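Heads up: the structure comes next, in structure tokens.
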Amino acid sequence: MPDAFGDLLTAIRDELAALDTGDAAAIERATAAKLAALGAARTGGAIPVARLHEARALNALAATRTNMLLAGVDRRLAALTAAAGRGVAICYGRDGRTSAAR
């Protein structure tokens with residue numbers, strides 16, 4: 001019997017490995033594979049709580065790594081914007097008011 005949830009755990013680990021490389025195409029493929037595995041795992045029946053906690057921890061780690069990559073991109077874009085002599089971009093904040101982008 002196939003282990004759909006085990007496949008999901010493997011897909012999350014693969015996504016983490018892709019995030020470590022910083023290769024956008026690999027990240028995109030790994031994320032698509034994770035989403036497909038998630039769809040299959042949803043119909044796979046009951047899952048032991050320990051495995052759910054493992055998946056949650058792995059996914060939280062992937063989210064943290066993603067946020068770190070995004071923060072690096074934001075810093076590089078800000079540096080390029082400053083080097084080009086442009087001012088700080090204005091954007092809408094979560095409260096719906098305009099503010100300067102960080």
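One table, with the values for the structure above:
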{"quantity": "Top-ranked residue of segment 21-44 - restricted to ones that are buried (at least 18 other Cβ atoms within 10 Å of the Cβ) and among the aliphatic types (A, V, I, L, M), ranked as farthest from T64 (Cα to Cα)", "calculated": "A41"}
{"quantity": "Criterion (within 12 Å of the chain's Cα centre (by Cα) and over 14 Å from G6 (Cβ atoms)) met by exactly one of A57, A84, A30", "calculated": "A30"}
{"quantity": "Single match in G96, G45, G85 (criterion: within 20 Å of A11 (Cβ to Cβ), part of a loop (DSSP other than H, G, I, E, B), of a type outside the set (A, V, I, L, M) and at pLDDT below 90)", "calculated": "G45"}
{"quantity": "Residues being part of a helix (DSSP H, G or I), open to solvent by 50 Å² or more (accessible area, probe 1.4 Å) and either out of contact with any helix residue (DSSP H, G or I) (no Cβ under 8 Å at 6 or more places or on another chain) or over 20 Å from N67 (Cα atoms) (or both) - total across segment 1-20", "calculated": "2"}
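The values are calculated or read from the model by the stated rules, or taken from the named source; none is laboratory data. The shown structure was predicted, so the numbers you read here are calculated from the model rather than taken from an experiment. We place every Cβ from the backbone using ideal geometry, glycine too, and count neighbours over all the protein chains shown. Quick note on the areas: whole protein, heavy atoms, side chains included, nothing else; ligands and nucleic acids left out. Shrake-Rupley method; radii C 1.70, N 1.55, O 1.52, S 1.80 Å.
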